[in-house]
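Participant: Pasting a structure here, questions to come.
Bear in mind these aren't lab numbers, they're just calculated from the coordinates by the rules spelled out. All values reported here derive from a predicted model rather than from experimental measurement. Reconstructed Cβ throughout: ideal geometry from the backbone, glycine too, with neighbour counts over all protein chains shown.
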């Protein structure tokens, strides 16, 4: 594999993908193709180019080059999504444009590192309101974005080094399934399950059913008289009396991608997720309502989930302790292992630490916050490697920051009234509320693919770093050109004060103003919830180690408190019933025979909604966004 070939193919596709995102996600709100797992443009590029592999071989492009291109695009395209760089950019001008005497944001303007934000009244105003000629004032943006590039490369360098540390443990020792890594290998015939896939009748039945599902939904969106399955049904409407209203929300969602991938997920994790979601989480909610518990949001699922994520990562670190010792012993020359991974880890962590120390964060806050970001990323990546669950949002949103606030308090985090650390924490809201750290899962999958395709890990790691660099640059170019042409106030569904990402950053700075006005100590109920989640996941891991047949899995526990529980339970429950019947009737032989059907559902969903309709809806003009594609 030659990296320059991948870039020669990948950068033009990346630019086209960003233009698609600009039209579909910023202007028309018709499609969020970069939020999919994998991103729609990455999978589309693989499926469109692969049939021409014989022709491409004449110019030196082999099958593994196309799969490496896919790996590059998964990360590079994902960076430009609504929870990626589109969330990062508003963090810089928002505190200046929306400052007013009422919100008193001017009090922390001097605490924001001047070298990390653009300057100039016209630069800030035109970002939100659009400039007369649509030109981007690059002179004001290049310097701060260059500094941010240093941080992002170091941050992903750290995540990539951690992925390389855990790789042999997860692949060779624990033999995780890596369903999302297997998907491109099966689609390109690199797996036995993929041989003859495109001529398999079961595959096309699944594909056709999903195509019909979306076609009927599209027709229903334009003419409600057309019967269609729709996207969801609210079962919570039947709970109208106290205390059963505590079981809300309970929504049956039609998630074809989750439905298809769930067939390949380990059954014990699926069953554990359903058990902990319904019996533990919903059961506690009902019990709290019956007992008159007055704690808001009881049983504090996000906080329990945060504690569970921390505990789960500690379990993973303990399981990989020999591998970790091996990696870092290479620095002393005590073994024949290359010290490259350890050097990458230390240099990346050092750059992050020095970067934010210069910006004004205390050493304790840097270690605590970025440590939690990494812990959540590792737990999420492990969940993806083990189950393939195709969703970015299966982690407790913003809890990396909230754990620090709940356990330490804003008073202790701003010693002697120094709010520089909390100001930086607010500016970094896009890291804990968005999913940039969780994109570590794509390098994890890519390293698995590299091993299967005989691509060296060094080359794949270099390709992932280049994906960060080019994915960030192209995303910044696309977003800033759109913002200065139209104004960020009216894009992404905004009217006069920006879309969702701007609103989230405004909320972050409002929270900062509240901290400065009334610093507080630790929050005991939320601390206890976090500790309970931590203890339970540790206990589950210990029970799994002590009793081989123990049925409940710690991954299912952490999934229950995230989107896998709330948004995915209906798909998980349906597939569990189907798999139980299939295995009882025909065993593994029937299970494997039906796998192409579920792959057809996955590809049918991507092709019909993610590719064909998303293109039509994005570029078809006004009125075509009546059936938006939200992956």
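Participant: To make sure I understand, if each residue's beta carbon is the centre and we count other beta carbons within 10 Å, what order do 626, 282, 454, 143 fall in, fewest to most?
Facilitator: Fewest to most other Cβ atoms nearby, the residues stand as 454, 626, 143, 282.
Participant: Moving on. To the nearest 500 deg cm²/dmol, what mean residue ellipticity at 222 nm is calculated for the chain from DSSP H runs of n ≥ 4 alone, each contributing -39,500 (n - 2.57), summed and divided by the residues?
Facilitator: Numbers: 29 runs with 389 residues, N = 631.
For the chain, the value works out to -19500 deg cm²/dmol.
Participant: Provide the gained length on full extension for the span residue 577 to residue 295, in nm with one decimal, where the gain is 0.36 nm per separating residue minus the Cα-Cα distance.
Facilitator: Numbers: separation 282, 0.36 × 282 = 101.52 nm, distance 3.60 nm.
Answer, rounded to one decimal: 97.9 nm.
Participant: Provide the FRET efficiency to the nearest 0.05 for the residue 173-residue 268 pair, computing r from the beta carbons and using R0 = 25 Å.
Facilitator: With R0 = 25 Å, the Cβ-Cβ based efficiency is 0.85.
Participant: Under 1.5 on a/c is rounded, so check that first for the stretch 324-399, then, if it is not, pick prolate when a/b is larger than b/c and oblate when it is not; a ≥ b ≥ c are the square roots of the alpha carbon gyration tensor eigenvalues.
Facilitator: oblate
Participant: Give me the extension gain from residue 331 to residue 151: residue separation times 0.36 nm, minus the current Cα-Cα distance, reported in nm with one decimal.
Facilitator: 62.4 nm
Participant: For 129, 102, what ranking results if the residue with the fewest other Cβ atoms within 10 Å of its Cβ goes first?
Facilitator: Taking fewest neighbouring Cβ atoms as first place, the list is 102, 129.
Participant: How high is the FRET efficiency from residue 589 to residue 209, r the C-beta distance, R0 25 Å, rounded to 0.05?
Facilitator: 0.65
Participant: Stretch residue 338-residue 549 to full length: gain in nm at 0.36 nm per residue minus the Cα-Cα span?
Facilitator: 72.1 nm is the gain from fully extending residue 338 to residue 549.
Participant: A further question follows. How many nm is it between the label spots at residue 367 and residue 15, if each spot is 7 Å from the Cα in line with the beta carbon?
Facilitator: 4.6 nm
Participant: For the stretch 484-518 and the stretch 241-320, write down the distance between their C-alpha centroids in whole Å.
Facilitator: A separation of 30 Å, based on Cα centres.
Participant: Let's test the formula: R0 of 22 Å, r as the Cβ-Cβ distance of residue 52 and residue 454. What FRET efficiency results, to the nearest 0.05?
Facilitator: 0.50
Participant: Follow-up. Exposure proxy check: 180, 588 ranked by fewest other beta carbons within 10 Å?
Facilitator: 588, 180
Participant: While we're here: Let me know the shape class of the stretch 1-152, please: from the alpha-carbon gyration tensor, a ≥ b ≥ c as square roots of the eigenvalues, rounded when a/c is under 1.5, otherwise prolate if a/b is greater than b/c, or oblate. Display every interim value, and only then the final one.
Facilitator: Numbers: a/c = 2.82, a/b = 2.34, b/c = 1.21.
The shape class here is prolate.
Participant: Could you give the distance between the Cα centres of the stretch 93-148 and the stretch 560-605, to the whole Å?
Facilitator: 48 Å
Participant: Classify the chain: rounded, prolate or oblate, from the alpha-carbon gyration tensor (a ≥ b ≥ c, eigenvalue square roots; a/c under 1.5 rounded; otherwise prolate if a/b is larger than b/c)?
Facilitator: Numbers: a/c = 1.22, a/b = 1.14, b/c = 1.07.
Verdict is rounded for the chain.
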